Structures are given as structure tokens and as C-alpha cells.
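The values are calculated or read from the model by the stated rules, or taken from the named source; none is laboratory data. The model shown is predicted, which means the values in this text are computed figures rather than measured ones. Because the Cβ atoms are built from the backbone with ideal geometry, glycine has one as well, and the counts that use them run over all protein chains shown.
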């Protein structure tokens, strides 16, 4: 017989999306605050028969397991974002200790998924950031140049693949995946360098020869140089990007020559002297763009070939990739935002393609770029107006303006912006409202520094999404063997710990772990 059910026998289960237990757990395993409010009497009811109670328990178990799976997936996504974010570290809850150390002549440091990669004289070596174990080694020829390398220097970004151009005489490009697999190896033309996103780039002078009738000269005594004259005529530069694996053309542009200032044309000769080279040309490949600079030529290109420097610049322009996509070009007084989704210039084809400069939205001041993030994009841009900070969205609409120290944006995570005034004073503001959360006049004492004789500035920043780690340098005479670190809670400003890291020059975030670079050694740091 089918049991009869009254209306008041019904039961329902409500899932509160605001329940802290349904949110991603912090990566350091911190406590989750439970909601202790008692449930109302009619919110959860059960059928009265015993077998129906069993069925109800099964449904509740399924709901619980489903919520647990969803929470686990969110937590995994959170951890993966941190691993790939600039300056992202899985936990900063405790002061780090040395877990391993290896002798290494460290120059450029590359980060690939799951490894720190060290280019050496004749090989590429990948190390596990947790144990220091060698994951793989790839032999390269002599005179190797590997990249792309983040030219900012303040943050480290994950790259895959790594491209090395090497060899004396005949140059060869070797493409290495993050797993250590050699994907391709092929000959390339002289002057070829690693580009961005699996490309190689070559810049060469084109056009009719120009007589060297300039009056430019330079003389240097140690690090002090004097310049005279100018260079008004020169040849254009053709920039060609190729797929590093196949050699197929990605894009080609012709950059016209501009009247040059002498410092852009200075080359150091083999005997140590300096000379003026009217055809000096350099190429730098970063993870998200390619920069070409030299005598009378300056241009920055996105990885798809769009030109990013502003119209009519004709001189060096600093360009940075934004965490949420797009680029910012530094101007003398104002920055320009170039949207990464809207082509600033269609790629040229062949040697006659001339790159028109980028167009974009001019900002009312200098855009503050985060040194470290938790991998999320809050959709807020912070602009330094001098004595104030303006928050705006991508379309330029003002969200708020507030008084805040704003020389640099150290960390952007968990809806908080950690700002620095350039003199060691830091403060945090809420990204949504601009409300000041806290301010620390100096972090010297917490780091163990004597601020009465030396006022250090913050050099690097890292975050685990809840805390920020900032590093400072010791006395000038101690450089580069003294590094000081302070961890602070982003929301409250509470000092978590301070440490003196002896023998380290800088830190690198690799797959969520901290690795220290010292004089002739590499050090793994674990909490």
C-alpha cells in the first residue's frame, strides 16, 4: 500500500551559497569559520517511516558529497591560479627555511610549469622547486641565448616552450617543452633571438646604404660617458617573427629610421672601448611581446604582430603586459592603454609591410602594475595621480578616488591592493571601495633592519592570496648578500613574521614555491 503523506510531512534542503564551507579553502589549510546560527524548525524535515529516514540520509549524503566535490574543484582551481600567477606562492603562513641548496652560476632564471629552468654555458637544466632534484637536462651548443625572459625583472612569468638559439658560426634554434622534450631543432639565420610564444625573431637593416657622415662621438671613463653630435640619417629595420618549430612566418614589419640620440647608438667594443654604431640593433623577447631597440629604431610588438608603442614616439617606450590582458605603454607624463583584444595594427606581410603605431586610450596618470597577484582579475585599474589613486574600469569609468601611497602596486589579491610609497611605507586599500584598510609607516623593524642608518625600499613582492611577502635590501655595503623579508596580512596589516635571508640576492616564485638566488648557488625555501 502506498503510504499517505500529509502536507506538513514534506521536507526541503536549502544550500546557502554564502556558507564559508562552500568556499575554496585557503591553500595553507587555515580554519574555516562555521555559521553557528540554529536552523529554523521547519527547514529540514524527514519522512516518518524508518526506510524513508534511510532514503533521506542517502540524499543528504549525496548532497554533502556533491558540495565537497564542488569545494574541492574550486580549491584546485584556486591553487592552479596561484601556481601560474606572477609572484604566486601556495603559503606564506610561516617563515621559510632552507630545504635544499645547489651550486649554480645563475644568470637568467626561467620558470616553466612545475620547474625552474637554468640556462648554462652549454645546457638547459630544469629543477624541482620542492626538492631541488634535476628533472631534465637538454644539451645546447655554445653561446646559447634562451627565452623568453621577462624584461621587467620584478616578476617571473611561466613560459612554455623554452627556445634556445645557440652555436658558434651556424646558429641553431632548439625548442624545449616544459617536460624536457626537444620539440624541434633547426638552423636559423645569424642575429636570430628567442621571441614570445614559441617564436624566434630576427631584426636586420634594410634599404640603400647611408654614408657615415654624422658627427656623433662618445667617450667613457669607467661608468661615466660623454656624448657629442647626432645621427640624422640611417637605414630602416625589418623585423621578422617565425614559428620556432616550423620556420613559418608569423609576421614581418619594417620599422622606419628616426633621427637618433647618441646614447642609443653606443656599442661596447671587444677591447672594452665604446664606439658609435649607426646600425646597432637589439632584440628582446618577453613572454607577451617583442622589443626592438637600437640606433634610430624603437618598436614593441605583441606576440601576434600588433605594434604597441604610441604614435609618433620615435624613441624608447616602455611597454608592459597587463595581468588581465592587454598592454600599457609608458608615456613621459601619461600612460596609454592598448586593449589586447582589439588589433592596434594589422600585421604586415613581406619586407614592405610598415608597422603603424598603436592607438589606445590615454590614462590620466601612470598605471600601477602589480608585482604579485593571486591569479584573478578584479577588473579594476589603479592610476597614480600624484597624491591620489584613481580606480577605473577598462572603459575608463571612475570607480573611486582615494588618498593613498602610490609609488608602486606591490600586491593585488583577495580584493585588496597593497601599495608602496617608494620609501618603505606601505598601505592597503579595498579594491572595491577605495577604503583604506591599514597603513604601516615602515617595515624595517619587522624585517630586522636598523632604519635609523639606512632607509631601504621594497624590492619584490609575493602573495598566497591572504598574505603578502615583501623583500628589502640591507645596507649598501652588504649588497648583494643581505636580503630581508616581511610577511603581512593583506586585510589587517598584522605582521606574520620577519626574516633575514643571508646570502640571497633575490627570490623567484616557481609553481607556487619560493626559490632563492644567491651568489653561485640556488636555494629552495619551504615554510
Quick one: in the stretch 207-237, of everything that is closer than 14 Å to residue 296 by Cβ and within 35 Å of the chain's Cα centre (by Cα), which residue is surrounded by the most Cβ atoms within 10 Å (Cβ to Cβ)? 237
Look at residue 343 and say whether it is out of contact with any strand residue (DSSP E or B) (no Cβ under 6 Å at 6 or more places or on another chain), surrounded by fewer than 23 Cβ atoms within 10 Å (Cβ to Cβ), at pLDDT below 85 and under 19 Å from residue 384 (Cβ atoms). no
Report the residue count in the stretch 451-487 for those that are in contact with a strand residue (DSSP E or B) (Cβ under 6 Å, 6 or more places away or on another chain), over 17 Å from residue 423 (Cα atoms) and modelled with pLDDT of 90 or more. 7
Tally time: how many residues in the stretch 371-383 are closer than 20 Å to residue 395 by Cβ and either out of contact with any helix residue (DSSP H, G or I) (no Cβ under 8 Å at 6 or more places or on another chain) or free of Cβ contacts under 8 Å to residues at least 60 places away in the same chain (or both)? 7
Can you tell me which residues in the stretch 313-325 are farther than 26 Å from residue 258 by Cβ, modelled with pLDDT under 85 and in contact with a strand residue (DSSP E or B) (Cβ under 8 Å, 6 or more places away or on another chain)? 323
Subset of the stretch 271-308, residues buried (at least 24 other Cβ atoms within 10 Å of the Cβ), part of a loop (DSSP other than H, G, I, E, B) and at pLDDT 90 or above, comes to 295, 296
Any strands (runs of 3 or more DSSP E) falling wholly within the stretch 72-132 and containing at least 3 residues that are surrounded by fewer than 17 Cβ atoms within 10 Å (Cβ to Cβ): 97-103
